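What follows is a single structure, written as structure tokens, with notes after it.
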């Protein structure tokens, strides 16, 4: 097989984007390993959330019902799945690490690398280093499957329904555990093999957007610094607002795991081949509302699977450890510098 044939089989659906269609104009942002998913007809305004100083680090917190949209019918949130919420003991801040993709959402594939597997291994490295530093850590997934239980396999939800429940489960886990921060780990992929480097996203439309931006900047700068210090030259693609990462019919959509709550209509679910009942619709309901994260969040794209030089680094143990150290330093320095 030629090297061209190895360039990314981009995510067959993926953890992330809550929008579909063409990417909105953005000079520095890439199409990435984030594939289109979950276009919403309208968005809800996120309810006010606490700053990091008020974010609990222990116990399970209540999740408020979503605001009812002006649709003429009651709107219910997607099914709540808290089966994997086991809060680690201790007094350190609780960090949720989200290894992107899972199940049949494999992400980018090239040069012998499969993104969902790379993300999980990176998540475990970050978990180890954070734990050694005194933090408590929850991973949204621990194996090759999805974050949500009861999805994947014969007779289980597929496609849109599985994607939506998987993404919502990652958010619900972080909220229910009372996490201080939510950090999603990915690697990029494009049909252009010259695209390379590291970039980190945050969402500017949240009540705690300032903290999300500072978290993203801390992760980005520390990853670049740690790679440079370790002798690896990587491109710094910067810290980016994901508010218009994707555009569909003239409307901008952010990453699902970072953005505000949004409404999904029954018609949309059916158009996308999903099962309304699987997503929590009851008879006569026109729409459901998602739940958004209640803490600062960032999504790091750690190099490009589709770039031969980046792929070599992603296959190198020492380089992967440097990437993980950078993520951990970014998180820990953010938490140390922000009042809690």
Q.
Of the conditions (1) surrounded by 18 or more Cβ atoms within 10 Å (Cβ to Cβ); (2) in contact with a helix residue (DSSP H, G or I) (Cβ under 9 Å, 6 or more places away or on another chain), residue 204 satisfies every one except a single condition; which number is it?
A. (1)
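Which count do you get for residues in segment 277-287 that are farther than 10 Å from residue 160 by Cα and buried (at least 19 other Cβ atoms within 10 Å of the Cβ)?
So in segment 277-287, the residues farther than 10 Å from residue 160 by Cα come out as 277-278, 280-287.
Okay, now just the ones that are also buried (at least 19 other Cβ atoms within 10 Å of the Cβ), so 278, 280-281, 287.
So the answer is 4.
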Q) Does residue 210 fit the bill of being in a helix (DSSP H, G or I) and either surrounded by fewer than 24 Cβ atoms within 10 Å (Cβ to Cβ) or modelled with pLDDT of 95 or more (or both)? A) yes
**Q.** Lone unmet requirement of (1) touching a helix residue (DSSP H, G or I) at 6+ places or on another chain (Cβ under 6 Å); (2) more than 18 Å from residue 177 (Cα to Cα); (3) free of Cβ contacts under 8 Å to residues at least 60 places away in the same chain for residue 129
**A.** (3)
Q. What number of residues within segment 57-100 satisfy the criterion of being at pLDDT 60 or above and touching a strand residue (DSSP E or B) at 6+ places or on another chain (Cβ under 6 Å)?
A. 14
Q | Residue satisfying all of: in segment 132-143; surrounded by 16 or more Cβ atoms within 10 Å (Cβ to Cβ) and free of Cβ contacts under 8 Å to residues at least 60 places away in the same chain; farthest from residue 84 (Cα to Cα) among these | A | 137
Q) What are the pairs, 6+ residues apart or on separate chains, where a residue within segment 79-92 that is over 30 Å from residue 263 (Cβ atoms) has its Cβ under 7 Å from a residue that is exposed (fewer than 13 other Cβ atoms within 10 Å of the Cβ) and modelled with pLDDT of 85 or more? A) 92/134
Q. Assuming residue 103 fulfils every condition listed in (1) closer than 23 Å to residue 262 by Cα; (2) crowded, with 22+ Cβ neighbours inside 10 Å; (3) modelled with pLDDT under 95 apart from one, which condition is it?
A. (1)
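Looking only at segment 223-237, which residues are over 19 Å from the mean Cα position of the chain (by Cα) and buried (at least 20 other Cβ atoms within 10 Å of the Cβ)? Talk me through it step by step, then tell me what you get.
Narrowing segment 223-237 to residues over 19 Å from the mean Cα position of the chain (by Cα): 224-236.
Within segment 223-237, 224, 226, 227, 234 qualify.
Conditions tested, residue by residue: (1) under 16 Å from residue 232 (Cβ atoms); (2) touching a helix residue (DSSP H, G or I) at 6+ places or on another chain (Cβ under 6 Å); (3) at pLDDT below 95; (4) surrounded by 24 or more Cβ atoms within 10 Å (Cβ to Cβ).
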{"site": "293", "(1), (2), (3), (4)": "no, yes, no, yes"}
{"site": "316", "(1), (2), (3), (4)": "yes, no, no, no"}
{"site": "320", "(1), (2), (3), (4)": "yes, no, no, no"}
{"site": "325", "(1), (2), (3), (4)": "yes, yes, no, no"}
{"site": "332", "(1), (2), (3), (4)": "no, no, no, no"}
{"site": "340", "(1), (2), (3), (4)": "no, yes, yes, no"}
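The values are calculated or read from the model by the stated rules, or taken from the named source; none is laboratory data. Since the model is a prediction, treat every value here as computed from it, not as a measurement. Please note: Cβ atoms are built from the backbone with ideal geometry, for glycine as well, and neighbour counts cover all protein chains shown.
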